[in-house]
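What follows draws every value from the coordinates through simple rules; no lab data is involved. None of these values were measured; they are calculated from a predicted model. Every residue, glycine among them, receives a Cβ derived from its backbone with ideal geometry; neighbour counts consider all protein chains shown.
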Amino acid sequence: MSDVREEGRRQAYLAALAIPLWTARHELPGALPSAELEFFPFVDEALAAGIAPVVYEKASPEPMAAREPEQRADQVLRSENPEPASARPEQKVVEQAPPRVAEPARPATGDHPRFACRVQLLAPGLMGVIALPDDVPDLSAQEYRLLENLVQAVGGDPAAPGAREHFRWPLSPNPAIPRDAGAAREALAAFLGRRREATRWLVLGETLSVYVRTALPQHSVIGAPLLRELLDDPAAKRRVWQALHG
């Protein structure tokens, strides 16, 4: 008997055993073309069940069933007196859902504050805390010019050498390290506490001033808008000047 007839009979028995048959719906790239398969049951089974030969579509040369079902089918084919299909109880194919693939665990980010600032001495006893935008590492040329004018207005020297430090929160992207508002206040207080030459603090950035006020004595903190906001609002500049001399 040809291989085509054996393969057709094997598939017939697998189907009778309610074993799903997997067949490629289209020819796979690089695969050899396969011949059409015909279903040839045993003569007595065909007469008993009235089964007509069935022509299957072309399939890929890949194995169409698992190895264990093939062994079970081969054992049935080798039996001398196979049980007629009409005598077997009808079996229903139960479709099983594909196993769910667990998604990789992602670290929970949560809500945490994000800010960056530059700290420098503006005048004797007056320390400046200048908020920096997240997407820009430094100030613009206009903001630098305004800051120099502010230093001159409060009696400082823009050309005087002074330590300029930067602070960015969160300190680390590691989610295992606390990054909540309480941890931000503690870290900022420790950072600003090193500048003991300051008795007053001018915070340029109203959002940043909320954290500075909780990290330092409130009576020593003067909150003001961002430098870029002061450039567009002369009235805000006047209020900052009044607060510095109030």
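The calculated Kirkwood hydrodynamic radius for segment 189-246 is 12.0 Å, given to one decimal from all distinct C-alpha pairs. Placing +1 on each Lys and Arg Cβ and -1 on each Asp and Glu Cβ, with no other charges, gives segment 164-246 a dipole about its Cα centre of roughly 240 debye. Summary of packing: across the peptides 221-227, 139-145, the per-residue average of other C-beta atoms within 10 Å ranks them, highest first, as 221-227, 139-145.
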